[in-house]
C-alpha cells in the first residue's frame, strides 16, 4: 500500500483529483473540496463531524466541503478517493456549499444506477491507467461524463432542499454525447461539420455547438482536432507511415496543423517524436503497476450490465470492454 497521497491523473488536468489506496489510516483533517471515498476491499471507519460510519466492500461515502473527518482501517483495505475541485464547481456557478447536506453511506450499485456517468468515468479512468501515453480523446470523454454528473448531482441536492426543483434527466444528454463522440471517433478522417452532426442527433447546429462547449469545455473544432491528433500520435508511435500520409489519413487539411499541435504539446517535430517513442522514452503518464487495483475496478465494472437500470444505451458494454482490454 502506498504511504503518500498522490493525484494519479494530475498530468491530465482533470476537474477532480484521484487517490488510490490513500484511505488506510488518515488523521483528522478538513478541506474545501467535496470528496467521495469508494471502498473496494476490506473495512474502514470514517468519523465525520464526530459521527462514525462503518464502510464495507463497495460502499461509497461523501464528505462535504470543510467537514472534519478521519479514517481508520480495520486491517487491509483498498479504496479510492475522488476530490471534486471546488475551483471547478465554482467556475460552473454550482454553489454546493450553500446547500445543507446530511452524510450517509451509499452502495456503488446505488450510485451507478442513479448516476450513469459514474461507471463511464471509472471505465475511462482505467483506460488511462493502462495506457502508456495520454489520450486527449479519453480525457475529454471523462470531462464530458463528469460535467453531466456534477450538474445532475447539484440538481439533486437542490431538489432535496427545494421541492419545486426538478431533477434533469441526463439520459438523453448521455445518449447525445455518446452518439457524437462515437461518430467523430469513427469518421475523424472525413470532412465533419456541425451540420452533419446536428442531423445525426436531431438538434440545430447552434444548439449542438453550445452543447459541446458546455459538456466538453471546448469547441467542436477543437475537439475534432484533438481526436485527429490522438490518432496521428498512434500512427507515429506504431507505424512507419510517412508524415504526409499520417496527415491525410487523420483528416488534417494541412500538415501545418499537425506540426502546430506537436509543437504545442511536445515542443517536437513529428519525426523527432517518433524517434523518441521508438527509443522507449515516453511522455505523460506511464507504468501504472497497480494490478490489484485494476483487477478490483474491472470486477466492479463487469457487474454494470447486470444492474437493473444500466443498459448498453450509453455504450457501457463497449466502454467496459475497452477498459479491460486496453
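Values quoted throughout were computed directly from the atomic coordinates according to the rules given, and no laboratory measurement underlies them. A quick note: this is a predicted structure, and the numbers were derived from the prediction, not measured. Here Cβ is always computed from backbone atoms with ideal geometry, including for glycine, and neighbour counts include all displayed protein chains.
Points worth noting:
- Packing here is the average count of other Cβ atoms within 10 Å per residue, and on that basis the peptides 240-250, 75-85, highest first, run 75-85, 240-250.
- Prolate/oblate/rounded label for region 171-278 (Cα gyration tensor, a/c 1.5): prolate
- Cα gyration tensor shape of region 1-123, rounded if a/c is under 1.5, else prolate or oblate by comparing a/b with b/c: rounded
- Alpha carbon centroid spacing (whole Å) that separates region 1-80 from region 200-264: 37 Å
- Counting neighbouring Cβ atoms within 10 Å and putting the fewest first, the residues 258, 92 line up as 92, 258.
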